[in-house]
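Read the structure below first, then the notes.
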Amino acid sequence: MNEEQNRLLTRVGPGTPMGALLRRYWMPIAGISEFDSRSTKPMRLFGEDLVLYKDLSGNFGLVDRRCAHRRADLSLGMVEKSGLRCHYHGWAFDQAGQCVSQPFEDVTMPERNTKAGIAIKAYPVQTLGGMVWTYMGPAPAPLLPDWEPFSWDNGFVQVVVSEVPCNWFQCQENSIDPVHFEWMHENWGRRLREGIGATPAPTHLKLAFEEFEYGFVYKRVKEDTTEADPTWTVGRVFLWPNGFFLGEHFEWRVPIDDENTLSITWKYTRVPSDRPRYVQPSIPTWHGPLKNADDQWIDTHVMNQDFIAWVGQGTIADRTQERLGASDRGIVMVRRRFFDEMERVAKGEVPKGTITDPARNRRVELPVADRESVREGYTSDQILADPFLRMMFTSYLFQAGQPEAVRREFSEAVGLETREFSGLDALRKQ
C-alpha cells in the first residue's frame, strides 16, 4: 500500500473520500442514559465540533458547537422546550439549526425578522437500542438499521463508551483479524499474568473470509474445534462499515477526527432461563478508562487489550511499512471494498449495506454463531457448572471500569453475585 492509499483509508474530515463514504451511514454517538444527569454534551465527530443536547420535551438535537451570533460555546447553552438557547445573548436554534429567537432584535425590531435568514449546521438524530445516533451525510438519509438484537428482551443491556487516541481504521481492521485473539487475548494475556510458563492457547488451523450484504464474516478452525463448530459454519461479523458483531454484542468505531476514535459497545446478556422474566427499566451507559490511576495502560480486559494494540500501531498506522501475511486475507478484502465504495459514492451511487425500504428494516438479522444460547440462555446451574459461563455471568470481561451501580443492576438481573474481572487467566483459576 502506498501513502496515498493509506491517506484515503484514514482521513475522514469534510471533503475527504472516506469522510464522504462514512457519512452515508448512521453512527451511534452516545448513550441515552447519559442525559439523565445532563442536557448538553460537547462532541467532535468527523473533525467537526458539535454539541449533542436533549431539550425539555425529551427530543435530541445535534448542532454546531458555535453560536451564529458571536461564536459562543453552545455546549454551555440552555435547553428549551424545543431546541437550544445560547447562554451568551439568548439566541435560540431548533433541531434543524434554524434560529428561532433573537431576544433583543425580536423586541426592538420585530418587523425585520432577521432570524429567518440565520441558521447553524445541524444533523438529524434518532434513538435506538439505548443509544443516540446521527446521520451526517446528504439527504435523503437511509434508514437507521433496526438490527435484530435491539428487539431482544429478557436480558440486561449496557452501553460502554471510550475515546481511543488513534485513527478509526486500525480499530476497525481488528474486526476482520481472528488470529489476534489467539495471540493477544490468550497467549499475551496469559503471559502477563502467569509468566513464561503460561499454557499456550489453541492454534488457528484454518481461516475463511466471506462478504455478505451487511459486511464480512470471518470463519476459523482451531486445535480445539472442528469444521462442525459454529465459528466455522457461521463465523463472526465485520459489520460494514465500522462495526463488529459477535452475537451478544456490537462494537462501533466512530471517527472523532483523523487521530481519535469513539469506541461504543452495546452488550446484551440473556438472564438465566430459570429466573423470573426480566424487564430492564433503562439501559445504563458508562465510560471505560484506558489507563489506571498510575497512568499505565489497563491490560486485563479484552477491549482494553485491543486499545493497546491499536494505539501501539501509531496515531495513524503507516501501512506503507506493512508486510501482510496469509492470515490477513480478510484485511485485504476489506480494504479493496472500501476503495470500491469510495469510488461509488464519488459517482453518486448508493454505497454498500444501506437500507432504504421500511419493509426490509424490521429486526434485520445478522449471522450469530451461538444464536440458540444467546437467545434461549442457560439455567443458573448450567452457568455455575461451567468455568467460562460462570466468568461471563459473574464479571464483565470485555472492558475495565464497570461502575459498581451497573454491576449491582446486572447482579440483580441475573441472580448471581458479580465482581470486578481480574483478567482472562481467571478462567483457568476458577
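The values are calculated or read from the model by the stated rules, or taken from the named source; none is laboratory data. Not measured: the values here are computed from a predicted model. Using ideal geometry, Cβ is built from the backbone for each residue, glycine included, and neighbour counts are taken over all protein chains shown. Keep in mind that these areas ignore ligands, DNA and RNA; they rest on the heavy atoms of the full protein, side chains included. Shrake-Rupley method; radii C 1.70, N 1.55, O 1.52, S 1.80 Å.
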Could you tell me what percent of the accessible area of region 211-254 is made up of carbon and sulfur, with a 1.4 Å probe and every protein chain present? 49 percent
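What ratio of Cα Rg to 2.2 N^0.38 Å holds for region 341-417?
Details: Rg = 19.9 Å, N = 77, 2.2 N^0.38 = 11.5 Å.
Working it through for region 341-417, the quotient is 1.74.
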Solvent-accessible area of GLU111 with every protein chain in place, 1.4 Å probe, in Å² to the nearest 10: 140 Å²
List the cysteines in the chain whose Cβ has no other cysteine Cβ under 4.7 Å from it. CYS99, CYS166, CYS171
In terms of the charge dipole of the chain, which places +1 on Lys and Arg and -1 on Asp and Glu at the beta carbon, the residue among ALA92, VAL237, ILE176 farthest towards the positive end is ALA92
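Using a 1.4 Å probe and counting only protein heavy atoms, arrange VAL100, VAL350, VAL414 so the residue with the most accessible area comes first. The partial results should precede the final answer.
Details: VAL100 70, VAL350 90, VAL414 0 Å².
Final ranking, largest accessible area leading: VAL350, VAL100, VAL414.
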Checking the cross-link filter: which lysines have an alpha carbon closer than 20 Å to that of LYS115, excluding same-chain neighbours under 8 positions apart? LYS81
Mind checking which lysines have their C-alpha under 26 Å from LYS291, skipping anything on the same chain fewer than 8 residues away? LYS41, LYS267, LYS429
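Please state the relative contact order of the chain as a whole percent: Cα pairs under 8 Å, 6+ residues apart?
Details: 826 pairs, mean separation 82.6, N = 430.
Averaging sequence separation for qualifying contacts and normalising by length gives 19 percent for the chain.
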What ranking, highest mean first, results for peptides 187-200, 150-163 when packing means the other Cβ atoms within 10 Å averaged over each residue? 150-163, 187-200
Dipole in debye (nearest 20) - the chain, about Cα centre, beta carbon charges: Lys, Arg +1; Asp, Glu -1: 620 debye
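Tell me the Kirkwood hydrodynamic radius of region 13-131 in angstroms, computed as one over the mean inverse distance between distinct C-alpha pairs. Numbers along the way, then the final one.
Numbers: mean 1/r = 0.0666 Å⁻¹.
So the Kirkwood estimate lands at 15.0 Å.
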Qualifying lysines (Cα of each under 19 Å from Cα of LYS222; at least 8 residues distant if same chain): LYS206
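Given 37 °C and 0.692 mPa s, compute D for the chain with the Stokes-Einstein relation, Rh being the Kirkwood radius over Cα pairs; round to the nearest whole µm²/s. Numbers along the way, then the final one.
Numbers: Rh = 23.3 Å.
Calculated translational D: 141 µm²/s.
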Take the alpha carbon atoms of region 88-103, find their center, do the same for region 130-144, and report the distance between the two centers in whole angstrom. 23 Å
